[in-house]
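The values are calculated or read from the model by the stated rules, or taken from the named source; none is laboratory data. Remember, it's a predicted structure, so these values are computed and weren't measured experimentally. Counting neighbours? That spans all protein chains shown, and the Cβs are built from the backbone with ideal geometry, glycine included. Accessible surface areas use protein heavy atoms only, side chains included; no ligands, DNA or RNA. Shrake-Rupley method; radii C 1.70, N 1.55, O 1.52, S 1.80 Å.
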Amino acid sequence: MVNRTKLGLGTKAIHVGSHPDPTTGAVIPPLSLSTTFKQADVGDFAYEYSRSNNPTRERFETALAAVENGRHALTFASGSAATATVLNMLEPGSHILSINDVYGGTYRYFTKVANNMRITVDFIELVDSSTITQHIKPNTKLIWIETPTNPTLKIVDIAAISSVAHQHNLLVVVDNTFMSPVFQTPLDLGADMVIHSITKFINGHSDVVMGAVVLRDDDLNDRLRFLQNSIGAIPSPFDCYQAHRGLKTLHLRMKQHEINALAIATALEESPYVERVIYPGLESHPQHDIAKRQMRGFGGMLSFYIKGDEQNARKFLRSSELFSLAESLGGVESLAELPSKMTHGSVSPADRAKLGITDTLIRLSAGIEDTADLVDDVLNALELSQNL
Ligand SMILES: *Cc1c(COP(=O)(O)O)cnc(C)c1O
């Protein structure tokens, strides 16, 4: 008999939450679009109303909890809705410590929406975990980590931060969008909650916007379920169906994303048209050792500083034939962007300068195309980038 507690991620992604339909035997359970469910007697039901719970959503949430080594998973209409719902757990007047180069939308929510609930946030350099104690206040409730960060791919030591946080009774939330559970499972490193933009690697096909929270604690889960239903920022059953299908190939896709990212990073490092490459899998990455310790792979995201100025960066982005110039990441197709003008355009110039987000910094999301084709395309676009 298969040991169900020890199944690998690929097996869990394919089997957990995907039992064949008992009435028809359909190997792929049907998409359940019904908004309401007939009750056998008043209050006698498995499902009541689709905002509260839905069979298709529940199956996906079950699979997601399994692959992140959590006990519960809750899905939301977007990664941003997941963030907003978690913030709604906090009392007015609470304080948050957040990594300084947090996802732009999270930064916007913290500074322009959560402040209306009298929630304050300090953005700090979490890379050195020994410095966080000095930032903890009596009303600090939560530490918000993203690792690797976006777009400069700094690595935060999740275990070290979690151990300090728990001495002070703080919750640790890790946005695990960039690594996916294939390469990093923060709950195993001591984090209390994992956030995902399912939109990215987990769905993986750039056709669903969705978010999730995964956790182990039953009480926190009850509070979040209550908010998921009360606020109602839930995903559609169709999107859950699509994302669940995406999850089933996540382990295969992540391998290829990583092979491609490493090959591109290596080629970029050797190019005379590149100032510096940032990829956690390179020995040259300042936190390569922490990356090796807490991650099982280095992912599909990389950034580099092109030689020249913004015009050279733009020429590169226009010249690539396989990397679409677009926001977002984590799809099967390769994407490239200029963070200073696109994803991080709303970060103040002073903060951008502090974080190293210059006009020559280019972010790549390596897709799962053939490796040699992507490397050729990048080298070709680099060559062209220097002829303005
Ligand atoms: C995209 C993204 C989000 C926000 O998710 P949406 O689904 O776009 O709302 C949050 N965190 C990270 C790291 C992301 O890349």
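Output the residues belonging to segment 204-214 that are more than 9 Å from the ligand (Cβ to nearest atom), surrounded by fewer than 24 Cβ atoms within 10 Å (Cβ to Cβ) and touching a residue at least 40 places away in the same chain (Cβ under 8 Å). Of everything in segment 204-214, those that are more than 9 Å from the ligand (Cβ to nearest atom), surrounded by fewer than 24 Cβ atoms within 10 Å (Cβ to Cβ) and touching a residue at least 40 places away in the same chain (Cβ under 8 Å) turn out to be His205, Ser206.
Total residues in segment 72-100 satisfying the condition of being in contact with a Lys or Arg (Cβ under 7 Å, 6 or more places away or on another chain) and within 12 Å of the ligand (Cβ to nearest atom): the figure is 1.
Against the test of being touching a residue at least 60 places away in the same chain (Cβ under 8 Å) and among the acidic types (Asp, Glu), the options Glu61, Glu91 yield a single qualifying residue, Glu61. In the set Phe201, Phe238, Phe226, Phe298, only one residue is surrounded by 21 or more Cβ atoms within 10 Å (Cβ to Cβ) and either modelled with pLDDT under 95 or more than 19 Å from Ala66 (Cβ to Cβ) (or both); that residue is Phe298.
Across segment 301-312, which residue is nearest to Asp157 (Cα to Cα) among those that are in contact (Cβ under 8 Å) with a residue 60 or more places away in the chain and surrounded by fewer than 24 Cβ atoms within 10 Å (Cβ to Cβ)? Let's see the steps before the verdict.
Let us first name the residues in segment 301-312 that are in contact (Cβ under 8 Å) with a residue 60 or more places away in the chain, namely 301-304, 306-308, 311-312.
Next, from what is left, pick out any that are surrounded by fewer than 24 Cβ atoms within 10 Å (Cβ to Cβ): 303, 307-308, 311-312.
Values: Ser303: 20, Lys307: 31, Gly308: 34, Gln311: 36, Asn312: 35 Å.
Ranking the qualifying residues of segment 301-312, first place goes to Ser303.
Which number in (1) open to solvent by 10 Å² or more (accessible area, probe 1.4 Å); (2) hydroxyl-bearing (Ser, Thr, Tyr); (3) within 14 Å of the ligand (Cβ to nearest atom) marks the one condition that Ser50 misses? All conditions pass for Ser50, except number (3). Which one is surrounded by the most Cβ atoms within 10 Å (Cβ to Cβ) among residues in segment 107-125 that are out of contact with any helix residue (DSSP H, G or I) (no Cβ under 6 Å at 6 or more places or on another chain) and of a type in the set (A, V, I, L, M)? This residue is Ile119. With respect to the stated conditions, Asn69 is open to solvent by 10 Å² or more (accessible area, probe 1.4 Å), in contact (Cβ under 8 Å) with a residue 12 or more places away in the chain, more than 15 Å from the ligand (Cβ to nearest atom) and not hydroxyl-bearing (Ser, Thr, Tyr).
Pairs linking a residue in segment 265-281 that is over 19 Å from Lys315 (Cα atoms) to a residue that is of a type in the set (Asp, Glu) and open to solvent by 20 Å² or more (accessible area, probe 1.4 Å), with Cβ atoms under 9 Å and 6 or more positions apart or on different chains, are Tyr279/Glu269; Gly281/Glu258. For segment 127-144, taking the residues that are in contact with a Ser or Thr (Cβ under 8 Å, 6 or more places away or on another chain) and under 26 Å from Gly299 (Cβ atoms), the one that is nearest to the ligand (Cβ to nearest atom) is identified as Trp144.
Residue by residue through segment 359-375, note down the ones that are assigned to a loop (DSSP other than H, G, I, E, B) and surrounded by fewer than 16 Cβ atoms within 10 Å (Cβ to Cβ). It would help to see each step written out before you state the result.
Keep residues of segment 359-375 that are assigned to a loop (DSSP other than H, G, I, E, B), which gives 359-360, 366-370.
Hit for segment 359-375 is Asp370, nothing else.
What are the residues in segment 157-185 that are at positive phi and either away from the ligand (no atom under 16 Å from the Cβ) or open to solvent by 10 Å² or more (accessible area, probe 1.4 Å) (or both), if any? Outline the logic, then answer.
Here is the first cut: in segment 157-185, the ones at positive phi are 169, 180.
Correct list: Asn169 only.
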